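Data first, discussion second: the structure below is written as structure tokens.
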Amino acid sequence: MSLLTVGTVAFDKLETPFGKTDKILGGAATFISMASSLLGVKTGIVSVVGGDFPEEYIDLLKSKNIDLSGLEIIPNGKTFFWEGKYHNDLNSRDTLATELNVLENFEPKVPEQWKDCKVLMLGNLHPLVQKSVLEQIDIRPELVVLDTMNFWMDHTWDELMTVIKEVDVLSINDEEARQMSGEYSLQKAAKKIMTMGPKTVIIKKGEHGALLFQDERVFFAPALPLEDVFDPTGAGDTFAGGFSGYLASTEDYSFENMKRAIIYGSALASVTVEKFGTDSLNELTKERLDERLKRFQDLISFEMKL
């Protein structure tokens with residue numbers, strides 16, 4: 001019951017129609033690991049930060065029982081930084097600044113105690129970095145999940161195709177699925193992507209939910225209707241952490257259990273968007289998560305006589 005994630009641990013500076021922040025804790029690995037640790041999974045991070053990364057953030061992650069032995073700290077370096085401004089619909093945003101800093105020359109190092117992890121979550125990074133982590137694992141994990149984005153499709157297609165062949169689950173959004181496959185229909189897109197390597201494809205549709213594809217089987221999970229969406233940053237990574245974390249906690253990788261994992265991921269993501277950054281995840285209790293899961297159950301359950 002262990003999950004290792006490789007991804008960014010970063011600073012975000014955000015502006016939405018509801019407010020703005022200075023530099024706060026962000027990054028794909030941060031959201032993924034915080035989500036999975038909430039499910040009682042032994043969770044580790046492989047990432048890099050600079051000497052400017054506050055000790056209070058280190059303490060926060062450790063307080064969630066996240067193993068930071070794979071987090072490299074470069075004393076004279078600066079932590080990866082992203083600044084963005086969301087439009088009124090919160091579905092689109094402008095990137096105002098991206099500073100790779102220590103991430104530019106990142107060479108991941110998997111700690112010895114994590115080279116037999118059960119589940120490996122490859123967060124959104126350069127495909128060669130993702131592949132490097134795979135190559136350092138002594139025994140292939142029982143499940144490998146990969147996230148990627150348009151940028152890597154545009155600039156590192158061949159490398160991306162190489163690493164995709166080695167994963168079990170690919171998690172991308174609808175725009176990315178269409179770009180990767182060249183198909184507009186998401187069902188056709190998923191089928192084509194599955195010929196590239198992954199047996200399972202998750203296509204995220206933001207506020208419109210997520211689709212799960214495997215062989216000829218399809219499952220759809222709606223997004224939970226919310227009165228207030230404050231900050232969508234990290235929602236997709238939280239979803240990935242909830243999905244992979246639930247599978248790691250149950251050690252059941254069947255399609256039926258993946259359906260439940262999609263709901264767990266969606267429930268956790270619905271919590272993340274209610275405050276800036278990691279604040280909601282940091283404050284989340286088991287009771288509140290159970291209440292959110294119950295709301296999902298009520299949303300999608302019905303009886304019908306046929």
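The values are calculated or read from the model by the stated rules, or taken from the named source; none is laboratory data. Note that the structure is a prediction, hence the values are computed from the model and not measured. FYI the Cβ positions are ideal-geometry reconstructions off the backbone, even for glycines, and counts take in every protein chain you see. Areas reflect the complete protein model, heavy atoms only, side chains present, ligands, DNA and RNA absent. Shrake-Rupley method; radii C 1.70, N 1.55, O 1.52, S 1.80 Å.
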Which value in nm describes the separation of the simple spin-label points at GLU15 and LEU128, placed 7 Å from the Cα toward the beta carbon?
3.5
Here is the link list: LYS42/LYS199; LYS64/LYS118; LYS118/LYS199. Which ones come out longer than 21 Å on Cα distance?
LYS42/LYS199
For the chain, dividing by residue count, accessible area per residue (probe 1.4 Å) in Å² works out to 46
Could you sort the peptides 285-297, 253-265 by per-residue average Cβ neighbour count (10 Å cutoff), highest mean leading?
253-265, 285-297
Which listed residue (ALA190, THR21, GLY236) has the Cα farthest towards the positive end of the charge dipole for the chain, taking +1 on Lys and Arg C-beta and -1 on Asp and Glu C-beta about the Cα centre?
ALA190
Loop only per DSSP, at most 12 neighbouring Cβ atoms within 10 Å: give me the trypsin sites (Lys or Arg not before Pro) in region 142-249, ordered by residue number.
LYS165
With -39,500 (n - 2.57) per DSSP H segment of 4 or more residues and division by the full residue count of the chain, the 222 nm estimate, nearest 500 deg cm²/dmol, is -11000 deg cm²/dmol
Accessible surface of the chain, 1.4 Å probe, proportion on carbon and sulfur as whole %:
49
If I stretch the segment between LYS109 and GLN187 completely, what's the gain in nm (0.36 nm per residue apart, minus their alpha carbon distance), one decimal?
24.4 nm
What is the magnitude of the charge dipole of region 2-300 about its Cα centre, with +1 placed on the Cβ of each Lys and Arg, -1 on the Cβ of each Asp and Glu, and no other charges, expressed in debye to the nearest 20?
640
Kindly write out, for region 291-300 in residue order, the coupling ³J(HN,Hα) from the Karplus curve 6.51 cos²θ - 1.76 cosθ + 1.60 (θ = phi - 60°), rounded to whole Hz, with x marking Gly and Pro.
5, 5, 5, 5, 5, 5, 4, 5, 5, 10
By DSSP, what percent of the beta bridges with both residues in the chain are antiparallel, rounded to the nearest 5?
40
Interchain or long-range residues, amide H under 5 Å from ASP67's placed H
THR43, GLY44, ILE45
So, how do all the Cα-to-Cα distances of the chain break down into 10 Å bins, in percent, from 0 on up?
6, 29, 38, 22, 4, 0, 0
Residue by residue, what Karplus-based ³J(HN,Hα) values in Hz, rounded to whole numbers, does region 141-146 have, using 6.51, -1.76 and 1.60 with θ = phi - 60° and x for Gly and Pro?
x, 5, 8, 10, 10, 10
Would you mind computing, in nm to one decimal, how far apart the modelled labels at GLU99 and LEU226 are, each placed 7 Å from Cα along Cα→Cβ?
2.8
Pulled fully out, how much extra length does the chain show between ARG295 and PHE151, if you take 0.36 nm times their separation in residues and subtract their Cα-Cα distance?
48.3 nm
Can you give the FRET efficiency for GLU287 and LYS62, using 1/(1 + (r/R0)^6), R0 = 22 Å, r = Cβ-Cβ distance, to the nearest 0.05?
0.40
